[in-house]
Amino acid sequence: MSQSPAILVRGLSRRFGAKQALAPVDLEVASGEIVGLIGPNGSGKSTLLRCLAGVVRKDAGEVQIDGVTLAGDGVNVRRRVTYSPGEVNAYGELTGAGQLAWLLRGRDAETLTRASGLSQELGLPLNKRVRTYSHGMKRQLLFAAAVAPKVKVRLLDEMTEGLDPAMRAGILDRLRADADSGNAILLSSHHFGEIDRVCDRLVFISGGEKLSEESPESIAERARGLASLEYPDLPTAESAYTAISELGLAAEERGARLLVRLGDEDPQAALARLLAASDLPAPTSVVYGKLPLADLYRELYGGDAC
């Protein structure tokens, strides 16, 4: 990188009693980049974000946020970062405007003005008490507070959880614009579609350890040797599985869908031979060269996403 990363993590670890919540983790996020954290529940995603924000103290390792080293109670870092937790906690008796003011206490008046304007753009009734808000409305209120401050780093934990697809798309568009303006964003999510759409890199973690770091290019390379064949029902997929095995190709059953490994030498030629086989049932759809993140997750973890 031509400049220091906006987020720099070296050997970060955290233990809660006998549980190793974070093994030594290394991570970098550049300015203008969105990096997504993916992992099962309890994998360490939230602990990592909390440690970076100084909300949870690290046991060991080095953290730098926007060039400032995390130390002591973390106040030095929290001035340079916004953090939105995965839990939606709000004071029900406050109005939406009052909740924003509480969340942004210590920030300047312009920040509160920006947050209020964004909340109104999102259709939130700031004059009403938060206890009347739906879960999705509360989540959007937290989002407005998280993106309003003019800082260079944002740490967002399950920012779109509980939102409908239209709301989620709007949030993602705003995050992409925020990163394109030069800010660094580290987020966690269980929505593979949004991670695939908005992130520049993906970091897979499990048991507090970083398993893999993937770029769009590395995912494309993994996908090059795979084809997904969809069938109308399970019995047809099982017949196709038998035919594929007899051709010497490996396949994995995903209900009425088969994920076929085509090999490395010439996967396109292998796919052509496969589809031309006389005893292979005709699939209803064929996807080649695009590996769904759910499949990548399963390859890394050996199980389904949760």
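Quick look at the numbers
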| quantity | calculated |
| --- | --- |
| Search result, residues across the stretch 86-140 that are more than 24 Å from the chain's Cα centre (by Cα) and of a type in the set (Val, Ile, Thr) | Thr95, Thr111, Thr113, Val130, Thr132 |
| Options Thr160, Thr113; residue that is out of contact with any Pro (no Cβ under 6 Å at 6 or more places or on another chain), in a helix (DSSP H, G or I) and hydroxyl-bearing (Ser, Thr, Tyr) | Thr113 |
| Criterion violated by Arg154 - all others in (1) among the basic types (Lys, Arg); (2) under 30 Å from Gly11 (Cβ atoms); (3) surrounded by fewer than 21 Cβ atoms within 10 Å (Cβ to Cβ) satisfied | (3) |
| Spans of strands (runs of 3 or more DSSP E) in the stretch 21-85 with at least 1 residues open to solvent by less than 30 Å² (accessible area, probe 1.4 Å) and closer than 13 Å to Lys210 by Cα | 34-38 |
| Filter result (in a strand (DSSP E or B) and closer than 19 Å to Gly170 by Cα) within the stretch 116-157 | Arg154, Leu155, Leu156, Asp157 |
| Residue check for Gly11: at positive phi and modelled with pLDDT of 90 or more | yes |
| Residue list for the stretch 186-220, filter: outside any helix (DSSP H, G or I), hydrophobic (A, V, I, L, M, F, W, C) and touching a helix residue (DSSP H, G or I) at 6+ places or on another chain (Cβ under 6 Å) | Phe204, Leu211 |
| Search result, residues across the stretch 274-291 that are of a type outside the set (A, V, I, L, M) and either surrounded by fewer than 14 Cβ atoms within 10 Å (Cβ to Cβ) or within 35 Å of the chain's Cα centre (by Cα) (or both) | Ser278, Asp279, Pro283, Thr284, Ser285, Tyr288, Gly289, Lys290 |
| Residue match in the stretch 227-243 (condition: open to solvent by 10 Å² or more (accessible area, probe 1.4 Å), over 30 Å from Leu280 (Cβ atoms) and assigned to a helix (DSSP H, G or I)) | no |
| Residue that is out of contact with any Gly (no Cβ under 6 Å at 6 or more places or on another chain) and not acidic (Asp, Glu), where the choices are Arg139, Arg154, Arg131 | Arg154 |
| Qualifying residue in the stretch 88-101 (condition: touching a helix residue (DSSP H, G or I) at 6+ places or on another chain (Cβ under 6 Å), open to solvent by 20 Å² or more (accessible area, probe 1.4 Å) and under 26 Å from Ser31 (Cβ atoms)) | no |
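The values are calculated or read from the model by the stated rules, or taken from the named source; none is laboratory data. No experiment lies behind these values; they were computed from the predicted model shown. With ideal geometry, Cβ positions are generated from the backbone for all residues, glycine too; neighbour counts draw on all protein chains shown. Calculation scope for accessible area: heavy atoms of the full protein, side chains included, ligands and nucleic acids excluded. Shrake-Rupley method; radii C 1.70, N 1.55, O 1.52, S 1.80 Å.
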